[in-house]
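The block underneath contains the structure these notes are about, expressed in structure tokens.
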Amino acid sequence: MALKNYTSQVSASRSISWIEDKLAHHGARQILKEYTADGRVASIAFIIHSNGIELPFHLPARIAAAEKVLRAEVRRPRKDTYKHITQQAERKALPGFCSATEEKGGD
């Protein structure tokens, strides 16, 4: 399995702001970020109202899963390769769920 645009240089905080803007634009309310003990975003939760019903969503970051995929793609690691992979996984973990929306005709 490959990650879309896995070499992104966009910071995790900027990606999260972009995600929040998209969610709000599409009617999300009560957007909440949950953080890990070391200050990284662990998940985003929000509510969307549809036909008078509140639909709650909880989207985990899955940083460890993204890191596992990136590590599996390394053929000949250099000195700092795994450090960079950890940073890259954090940048890509949350935005990954937005790719499907973008490809299906979202804004």
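Per-structure values
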read-out	value
Members of segment 18-57 that are hydroxyl-bearing (Ser, Thr, Tyr) and more than 17 Å from ALA93 (Cβ to Cβ)	SER50
Subset tally (residues that are modelled with pLDDT of 80 or more, small (Gly, Ala, Ser) and within 16 Å of GLU67 (Cα to Cα)) for segment 1-42	1
Residues located in segment 41-70, provided they are touching a helix residue (DSSP H, G or I) at 6+ places or on another chain (Cβ under 6 Å) and outside any strand (DSSP E or B)	ALA61, ARG62, ILE63, ALA66, GLU67, LEU70
Extreme residue, nearest to the chain's Cα centre (by Cα), among residues of segment 25-63 that are small (Gly, Ala, Ser) and surrounded by fewer than 11 Cβ atoms within 10 Å (Cβ to Cβ)	GLY39
Subset of segment 73-96 that is surrounded by 11 or more Cβ atoms within 10 Å (Cβ to Cβ) and free of Cβ contacts under 8 Å to residues at least 24 places away in the same chain - its residue that is nearest to ASP21 (Cα to Cα)	GLN87
Selection within segment 46-69 - in contact with a Lys or Arg (Cβ under 8 Å, 6 or more places away or on another chain) and at pLDDT below 85	ALA61, ILE63, ALA66
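The values are calculated or read from the model by the stated rules, or taken from the named source; none is laboratory data. Computed from a prediction, not measured in an experiment: that's the story for all the values here. Ideal geometry is used to build each Cβ from the backbone, glycine not excepted, and the neighbour counts take in all protein chains shown.
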